[in-house]
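Asks: Okay, here's the structure, questions in a sec.
Taken together, the values in this text are just the output of simple stated rules run on the coordinates, not laboratory data. If you're wondering where the values come from, they're calculated on a predicted model, not measured in any experiment. Quick reminder, even Gly has a Cβ in these numbers, built from the backbone with ideal geometry, and neighbours come from all protein chains shown.
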Amino acid sequence: MKKLNIYKIISLVALVVLFFILILPQIYNVDKKQKTEECIKNMTTIYKAIQSYMNEREENFEGTALDLKRMNYLKTTYECPENGVGDKYFMYGNYETGEIIVTCPNHDKFADHILPESLIE
């Protein structure tokens, strides 16, 4: 029967620590990317709901996602997935110019939480 000496134990612990050091940042980045994609998806859905609202009612939109939900333009209200409850999107639509603004409440902390031009056209 072989004995485990101190060198083998230290080597095993070092290998496990090295594994976690290499893997954890990758797991964290994947989660961050998923939250960014979910935020952009939420903003795109809100953008399209505001667009429908303005086309049907022929007026500006000044309200919240809850207003859009009450009028059946959204199925649910949306919040930024980064910080959870209470992170409501800023939204506005100008019927005359066709301008629609949907902004993440956490845009100052997460610069990639922005609605790309390619998704809104």
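Asks: Calculate the FRET efficiency for D31 and Y7 from the Cβ-Cβ distance with a Förster distance of 25 Å, rounded to the nearest 0.05.
Replies: 0.10
Asks: Give, as a single signed number, the net charge of other residues whose beta carbon lies under 10 Å from the beta carbon of M71, with Lys and Arg counted +1 and Asp and Glu -1.
Replies: Around M71, the charge tally is +1.
Asks: All other residues with a Cβ under 11 Å from the Cβ of E96 taken together, and with Lys, Arg as +1 and Asp, Glu as -1, what is their net charge?
Replies: Once positives and negatives cancel, what remains is -3.
Asks: Right, something else. Restricting to lysines 8 or more places apart or on different chains, can you count the pairs in the chain with Cα atoms under 22 Å from each other?
Replies: The number of close lysine pairs in the chain is 20.
Asks: Another one. Multiply the residue separation of E58 and L15 by 0.36 nm, subtract the distance between their alpha-carbon atoms, and state the gained length in nm to one decimal.
Replies: 9.0 nm
Asks: Give the angle, between 0 and 90 degrees and rounded to the nearest 10, that separates the Cα long axis of helix 6-57 from the longest principal axis of the Cα atoms of the chain.
Replies: 10
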